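Novice: Attaching a single structure in structure tokens format; questions to follow.
The values are calculated or read from the model by the stated rules, or taken from the named source; none is laboratory data. Just so it is clear, the model here is predicted, and its values are computed rather than measured. Counting neighbours? That spans all protein chains shown, and the Cβs are built from the backbone with ideal geometry, glycine included. These accessible areas exclude ligands, DNA and RNA; they are computed on the full protein's heavy atoms, side chains included. Shrake-Rupley method; radii C 1.70, N 1.55, O 1.52, S 1.80 Å.
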Amino acid sequence: MGETNEQPLPPPVAAPPPMMAMMVPPVGAGAIHPPHEQFHHLNYCVHSNPSWVQVAALAFLHYLVMLGSTVMLVSVIVPPMGGNAGDKARVIQSFLFMSGINTLLQTLIGTRLPTVMNASFAFVVPVLSIAREIESNNDLLNNHERFKHTMRTAQGALIVASILNMILGFSTIWAAYAKKFSPVIMTPVVCVVGLGLFQLGFPQVGKCVEIGLPMLILAVIVQQYVPNYFGYIHQRVTFLFERYSLLLCIGIVWAFAAILTAAGAYDHASLKTQQHCRTDKSFLISSAPWIKIPLPFQWGPPIFTAGHSFGMMGAVLVAAFESTGAHFATARLAGATPPPAHVLSRSVGLQGIGMFLEGIFSCPAGSSVSVGNIGLLGLTKVGSRRVIQISTGFMIFFSLFGKFGAFFASIPLPIFAAIYCILFGVVAAVGVSFMQFANKNSMRNIYIIGLSLFLGISIPQYFNEYTSSADGRGPARTNAGWFNDIINTVFASGPTVALIVASVLDNTLEFRGYESDRGLSWFQPFLLRHKGYSDPRNEEFYSFPIRVHDFIPSRFL
């Protein structure tokens, strides 16, 4: 036999030890960050509490943040209704009172997350539609009578429409829908929860740029740069500036605005400039009563009309969509696990009860989760439930003692708008963090997220352009006014559009074999409630403080 050219095989290479295979590059050298259901930078999560002094200071800050959006909403809806400065003050008091009640209900027996419930801009379209229709009625001779009639009609429509959320929540229909959620759906929805409110940000800052822009710049410097560059002096410096910087900035810029007003800087300015820049132009302090208890039907008995009630249902449904996305953002920033489906369902049902009470206590609009307060949880690194519950004390107190509440409500709106630029941005960025649970390299996921995110911003912009036109009507202009209000309200909401588009695409496009790509392996143990499958940490964050299961059937909870 001839010689062969075969060479001996090289010795096998030993497999790396298990620990070596799991090693990742250190931070700064291409580090790999594994997914985490909870943020780890928080100082206090849902059920941990800072000292009572810190709780009081943070609770007051949460009150100020929600107060700004309340004043903005009232400034939009009350003048077209025919209301004057005194009517604005009383509507603000009613909103504050019911925000305190609804927030307390949600933190106690709703989601039990640290969410502030506040008057929602989703109700602007149906309320203004009612105001336009009543304005065309020649039987009402003066603005005050027109305001009262509009208020009573809006109350009646809200009372009837609130039943829709009660049915969706307590029948567990909403829970069945929530079980279909995935990280691919929540990414664009939570992003648009923050981005969809961009009109309340810099566009409002620009209405008085000499006050709003310094507030924005000062807030960024004091909250971010001062702790980083001067924190070496004392650890206390970092703590104080990170947690209470917004209170300091509001006080400084508010004083600056008062000095400009007293110096006559706006004496010869346009009326629009004076309204946004002056600290004494709102007339809220002079027109607010010293003590006023919000009473049921203080403007008269509600007026029930079928058309307006159906139109208001669109806003009630939008409030449920927006609050659902906001609850996921709150859970992330408060250190809790994603809210289970049954918790979201009972929250929507309780939200309906809250709207029913708002209609009784003379509020023309319902409530949803305040997005600005969600961002404040992340900015202060305090997600404590107790802070939000104490903030309800400020809401109720200042709703009863009108002069004190009107004093803080007189803060120029560009100051609040500058804060919202930061807080809404934090919430939008939280939405991006949900993508860590899904496959970021899947073209299917990229398609769903991209289309949902774009349409969630683009479609509402199209509807809002029509609404801001001369006649104030949206693109839906059929002979059925109630149908127009539903369409114009639903599609003017970014989170609603994003949630509808994302949930339809993610649950209908081919997904067999893609469960891990969609992130369901991470999400389902938190959303579902089956024994042996649901995550035990859910009970830690979402269980009731007492055994209400002994009194209420579990299927309703």
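Novice: In the range 150-209, what residues are hydroxyl-bearing (Ser, Thr, Tyr) and surrounded by fewer than 23 Cβ atoms within 10 Å (Cβ to Cβ)? Give the derivation first.
Specialist: Initially, the range 150-209 is screened for residues hydroxyl-bearing (Ser, Thr, Tyr), giving 150, 153, 162, 171-172, 177, 182, 187.
Those that are hydroxyl-bearing (Ser, Thr, Tyr) and surrounded by fewer than 23 Cβ atoms within 10 Å (Cβ to Cβ): Ser171, Thr172, Tyr177.
Novice: So how many residues does the range 304-318 have that are under 11 Å from Val125 (Cα atoms) and within 19 Å of the chain's Cα centre (by Cα)?
Specialist: 2
Novice: Could I ask something else about it? Would you tally the residues in the range 301-350 being surrounded by fewer than 24 Cβ atoms within 10 Å (Cβ to Cβ), hydroxyl-bearing (Ser, Thr, Tyr) and farther than 18 Å from Gly375 by Cα?
Specialist: 2
Novice: Moving on. Mind checking which residues of the range 140-181 are in a helix (DSSP H, G or I), of a type in the set (D, E, K, R) and farther than 17 Å from Ala365 by Cβ? Even if it seems obvious, please write down each step before you answer.
Specialist: So in the range 140-181, the residues in a helix (DSSP H, G or I) come out as 143-170, 173-178.
With the extra rule that they be of a type in the set (D, E, K, R), the set shrinks to 145-146, 148, 152.
Hits for the range 140-181 are Glu145, Arg146.
Novice: I would also like to ask the following. Which residue pairs have Cβ atoms under 9 Å apart, sit 6 or more places apart or on different chains, and have a first residue in the range 366-386 that is more than 12 Å from Pro50 (Cβ to Cβ) and touching a residue at least 40 places away in the same chain (Cβ under 8 Å) and a second that is of a type in the set (D, E, K, R) and in a helix (DSSP H, G or I)?
Specialist: Filtered contacts from the range 366-386: Gly366/Glu358; Ser367/Glu358; Ser368/Glu322; Val369/Glu322; Val371/Glu322; Gly378/Arg332; Leu379/Glu242; Leu379/Arg243.
Novice: Let me ask you something else. Given the structure, is Leu271 in contact (Cβ under 8 Å) with a residue 40 or more places away in the chain and either touching a strand residue (DSSP E or B) at 6+ places or on another chain (Cβ under 8 Å) or not aromatic (Phe, Trp, Tyr) (or both)? Before you say what the answer is, go through the steps one by one.
Specialist: Details: in contact (Cβ under 8 Å) with a residue 40 or more places away in the chain: no; either touching a strand residue (DSSP E or B) at 6+ places or on another chain (Cβ under 8 Å) or not aromatic (Phe, Trp, Tyr) (or both): yes.
No, not satisfied.
Novice: Being surrounded by 18 or more Cβ atoms within 10 Å (Cβ to Cβ), modelled with pLDDT of 90 or more, in a loop (DSSP other than H, G, I, E, B) and of a type outside the set (Asp, Glu) is true for just one of Ala476, Ala502, Ala498, Ala492. Which residue is that?
Specialist: Working: Ala476 fails: modelled with pLDDT of 90 or more; Ala502 fails: in a loop (DSSP other than H, G, I, E, B); Ala498 fails: in a loop (DSSP other than H, G, I, E, B).
Exactly one residue qualifies, and that residue is Ala492.
Novice: Also, I was wondering about something else. Hey, any hits in the range 102-110 for a residue that's in a loop (DSSP other than H, G, I, E, B) and under 25 Å from the mean Cα position of the chain (by Cα)?
Specialist: Residues of the range 102-110 in a loop (DSSP other than H, G, I, E, B): 110.
Among the residues that remain, those that are also under 25 Å from the mean Cα position of the chain (by Cα) are: 110.
Checked against the condition, which is being in a loop (DSSP other than H, G, I, E, B) and under 25 Å from the mean Cα position of the chain (by Cα), the range 102-110 yields at least one hit.
Novice: With the checklist (1) under 17 Å from the mean Cα position of the chain (by Cα); (2) of a type outside the set (S, T, N, Q); (3) over 20 Å from Phe434 (Cβ atoms) in hand, flag the one item Ile374 doesn't pass.
Specialist: (3)
Matching residues to (1) farther than 24 Å from Arg332 by Cα; (2) of a type in the set (A, V, I, L, M); (3) open to solvent by 10 Å² or more (accessible area, probe 1.4 Å); (4) in contact with a helix residue (DSSP H, G or I) (Cβ under 9 Å, 6 or more places away or on another chain):
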| position | (1), (2), (3), (4) |
| --- | --- |
| Cys363 | yes, no, no, yes |
| Gly393 | yes, no, yes, yes |
| Ile396 | yes, yes, yes, yes |
| Leu423 | no, yes, no, yes |
| Gly431 | no, no, no, yes |
| Tyr447 | yes, no, yes, yes |
| Ser452 | no, no, no, yes |
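Novice: How about the range 392-422: which of its residues are more than 30 Å from Val209 (Cβ to Cβ) and either without any contact (Cβ under 8 Å) to a residue 40 or more places away in the chain or small (Gly, Ala, Ser) (or both)?
Specialist: Selection gives Gly393, Phe397, Ser399, Gly402.
Novice: Can you say whether Leu240 is modelled with pLDDT under 85, open to solvent by 60 Å² or more (accessible area, probe 1.4 Å) and under 27 Å from the mean Cα position of the chain (by Cα), as far as the supplied structure shows? Even if it seems obvious, please write down each step before you answer.
Specialist: Numbers: modelled with pLDDT under 85: yes; open to solvent by 60 Å² or more (accessible area, probe 1.4 Å): yes; under 27 Å from the mean Cα position of the chain (by Cα): yes.
Here the answer is yes, as Leu240 does meet what is asked.
Novice: Further question: Of the numbered conditions (1) in contact with a helix residue (DSSP H, G or I) (Cβ under 6 Å, 6 or more places away or on another chain); (2) open to solvent by less than 10 Å² (accessible area, probe 1.4 Å); (3) at pLDDT below 95, Ser384 fails exactly one; give the number of that condition.
Specialist: Ser384 satisfies every listed condition except (1).
Novice: Hey, could you check the range 115-149 for residues that are closer than 27 Å to Gly196 by Cβ and polar (S, T, N, Q) and say which is farthest from the chain's Cα centre (by Cα)?
Specialist: Going residue by residue through the range 115-149, those that are closer than 27 Å to Gly196 by Cβ are 115-132.
Then keep just the ones that are polar (S, T, N, Q); that gives 115, 118, 120, 129.
Working: Thr115: 8, Asn118: 8, Ser120: 9, Ser129: 24 Å.
Filtering the range 115-149 for residues that are closer than 27 Å to Gly196 by Cβ and polar (S, T, N, Q), the one farthest from the chain's Cα centre (by Cα) comes out as Ser129.
Novice: Here is a follow-up. So Asn137 clears everything in (1) surrounded by 16 or more Cβ atoms within 10 Å (Cβ to Cβ); (2) in a loop (DSSP other than H, G, I, E, B) except one condition, right? Which one?
Specialist: The single condition Asn137 does not satisfy is (1).
Novice: Checking Ser368 against (1) in contact with an Asp or Glu (Cβ under 6 Å, 6 or more places away or on another chain); (2) farther than 23 Å from Phe60 by Cβ; (3) of a type in the set (Gly, Ala, Ser), only one condition comes out false. Which one?
Specialist: Failing condition for Ser368: (2).
Novice: To continue, here is another question. Go through (1) open to solvent by 20 Å² or more (accessible area, probe 1.4 Å); (2) assigned to a helix (DSSP H, G or I); (3) not aliphatic (A, V, I, L, M) for Asn441 and report which single condition fails.
Specialist: Unmet for Asn441, out of (1) open to solvent by 20 Å² or more (accessible area, probe 1.4 Å); (2) assigned to a helix (DSSP H, G or I); (3) not aliphatic (A, V, I, L, M): (2).
Novice: Considering only residues of the range 75-89 that are under 22 Å from Ile291 (Cα atoms) and in contact with a Phe, Trp or Tyr (Cβ under 7 Å, 6 or more places away or on another chain), which is surrounded by the most Cβ atoms within 10 Å (Cβ to Cβ)?
Specialist: The selected residue is Gly83.
Novice: Could you list all residues from the range 37-69 that are under 30 Å from Ser129 (Cα atoms) and either surrounded by fewer than 23 Cβ atoms within 10 Å (Cβ to Cβ) or not hydroxyl-bearing (Ser, Thr, Tyr) (or both)?
Specialist: Once the filter is applied, which keeps residues that are under 30 Å from Ser129 (Cα atoms) and either surrounded by fewer than 23 Cβ atoms within 10 Å (Cβ to Cβ) or not hydroxyl-bearing (Ser, Thr, Tyr) (or both), the range 37-69 yields Leu64, Val65, Met66, Leu67, Gly68.
Novice: Please go through the range 505-557 and pick out each residue that is of a type in the set (Gly, Ala, Ser) and either modelled with pLDDT of 70 or more or loosely packed, with under 12 Cβ neighbours inside 10 Å (or both).
Specialist: Gly513, Ser516, Gly519, Ser521, Gly532, Ser543, Ser554
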